[in-house]
Amino acid sequence: MTAPRLEINLDKVRHNASMLVNLLGNRGISVSGVTKATLGLPCIAREMLAAGVIGLADSRIENIQTMRRAAVTAHMTLIRSPMISQAALVVGNIDTSLNTELDVISELSKAAHAMHRTHGVVLMVELGDLREGILPADLESVVRRTLRFPNIALKGIGTNLACRCGVAPDAHNMGELSALADAIDATFGPVLSIVSGGNSSNLNWVIGGSPIGRINNLRLGESILLGCEPLHRRPIEGLYTDAMTLVAEVIEAKAKPSKPWGEIAENPFGSIVPTADTGKVLQAILALGHMDTDPAGLTPPPGIKILGSSSDHLIVSSDKQQLRVGTEVRLQPNYSALIRAMASPFVAKRIEQGIAEQENVPFQSLESAA
C-alpha cells in the first residue's frame with residue numbers, strides 16, 4: 001500500500017457536514033461548503049452538497065474549474081478577492097465573488113457585460129482581523145458605486161475573522177456586521193440577501209447562543225473536514241475528527257542518544273534543536289517531511305512523540321516498544337498539515353466510503369475518481 005498517503009473517509013465528511021448544516025439551520029444560518037483544503041476534490045464537493053450546503057466556495061479558480069469539469073452542479077463562490085488579471089476567468093467560471101476593491105468590480109462588470117452575464121458580488125467588511133475588508137465608514141460609498149455597475153448584482157456583505165490575527169467572532173463584531181446590514185438596507189432598500197458572518201471560527205459564537213441578528217450564512221471548511229473549531233482546535237461534539245488521516249511508513253528504527261553532538265547551529269528550517277540529554281530513546285524515522293506536509297501540524301497516536309523533522313523525514317520516539325521498519329503510523333493533521341498534504345504530489349490520496357475502499361488514486365487523477 002502506497003505511503004505516505006492521505007486517507008479520506010467520505011462518509012465521515014458527509015456526517016460532519018450534515019450535522020453542521022442542521023445545527024446552523026436551526027438558527028437560520030445556511031452553510032457554504034469550502035473546498036479549498038481538498039483542492040476542489042469533486043467527491044468531497046458532492047458529499048457536502050448531499051449534506052445540504054447551499055453552495056460551494058473556494059479560494060482558487062483552478063479548484064472551481066476542477067469541480068465544473070467533473071459536472072459538480074452548485075452555486076460557486078470565489079472567497080479570495082479576484083485578481084484584475086483574471087476578471088474574465090472569474091466571470092466565466094464563478095457565480096459570486098467576495099470583493100473589496102471597486103477597480104476589481106469594475107473589471108468584473110466589463111467582463112460580465114462582454115459575456116452577457118450577471119456576476120454576483122459580496123462586499124467584505126473589515127472588522128478587526130486586518131486581512132481583507134472595506135472599512136465600515138467606507139461601506140455605504142462602496143455599496144452606492146457597486147449598485148451602479150452594469151451586469152453586477154450586489155448579493156450581500158460579509159466578513160472574515162481569525163485568519164490573520166486570530167480575532168475571534170463574538171457578539172460585538174457580529175452585532176456590528178448586522179448593524180451595517182440594517183443600515184445599508186435602510187439607505188438603499190432591501191438589497192442584501194446574504195450576510196455572511198465568517199468561517200468555522202464562528203461556531204463557538206453560534207453554539208454559545210449569542211443573538212444571530214442578520215447573520216444568515218457561514219463558510220465552513222475546516223470544521224467539516226477535521227471536526228474541530230479553529231480558535232482552540234477543540235473537537236466539536238458529534239463530529240468525526242478522523243475523516244482525514246495521514247499515514248506514513250517507518251524507514252529506520254534504532255535506539256539513539258537524545259542529545260546531538262558537535263557544534264550546534266540552525267537546521268535548514270531556521271530552528272535550533274534542543275540539546276537536553278534524557279538518555280537513549282527508541283527513535284524511528286518516517287518517510288514524511290516538509291515537502292509532504294506541515295510536520296508541526298501532526299498529532300501522533302498515543303505512545304509516540306514527534307521529535308523533529310526535515311525535508312523528507314519525520315523523527316519520532318516511542319514510549320515502550322521500538323517501532324519496526326515497514327510499520328505504518330497514522331497521524332491526524334490539523335488544517336495547515338492537511339492543505340499541504342493535499343497539495344503535495346508525493347502524498348497519495350486514498351478515498352474511503354464506509355467499509356468499501358477504492359484503489360489508491362494518484363493525485364493527478366483525483367478528479368476522475370470522484
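Every number in this text was worked out from the coordinates using simple rules, so none of it is lab data. Note that the coordinates shown come from a computational prediction; the quantities given were computed from them, not determined experimentally. FYI the Cβ positions are ideal-geometry reconstructions off the backbone, even for glycines, and counts take in every protein chain you see.
Below are the figures for this structure:
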item	result
Cα-centred dipole magnitude for region 9-231, charges only on beta-carbon of K, R (+1) and D, E (-1), debye, nearest 20	640 debye
Net length gained if the chain between Ala265 and Asp277 were fully extended (0.36 nm per residue, minus Cα distance)	2.6 nm
Long pairs among Lys12/Lys280; Lys259/Lys320; Lys12/Lys256; Lys155/Lys349; Lys12/Lys155; Lys12/Lys305, criterion Cα-Cα beyond 30 Å	Lys12/Lys280; Lys12/Lys256; Lys155/Lys349; Lys12/Lys155
Ellipticity estimate at 222 nm from DSSP helix runs (n ≥ 4, -39,500 (n - 2.57)) divided over the chain, nearest 500	-8500 deg cm²/dmol
Exposed-loop-free span, longest in the chain, where GluC sites (Glu not before Pro) count as exposed if DSSP calls them loop and at most 12 other C-beta atoms lie within 10 Å	1-236
Per-q log10 I(q)/I(0), region 244-369, q = 0.19, 0.20, 0.21 Å⁻¹ (Debye; single scatterer per alpha-carbon; no solvent)	-1.12, -1.21, -1.30
Theoretical FRET efficiency, 1/(1+(r/R0)^6), r = Cβ-Cβ of Ala153 and Thr187, R0 22 Å, to 0.05	0.80
Whole-number D in µm²/s for the chain (Stokes-Einstein; Kirkwood sum over Cα pairs; 4 °C, 1.567 mPa s)	58 µm²/s
Taking the chain and dividing mean pair separation by its residue count, relative contact order in percent (alpha carbons under 8 Å, at least six apart)	18 percent
Contact order relative to length of region 1-133, as percent, for alpha carbon pairs under 8 angstrom and 6 or more apart	16 percent
Estimated distance in nm for a label pair at Ala287 and Asp103, the labels positioned 7 Å out from Cα along Cα-to-Cβ	4.9 nm
GNM flexibility winner over the chain from Ala255, Ala171, Ala88 (Cα, springs under 10 Å)	Ala255
Förster radius 51 Å - calculated FRET efficiency between Asp312 and Arg117, Cβ distance, rounded to 0.05	0.60
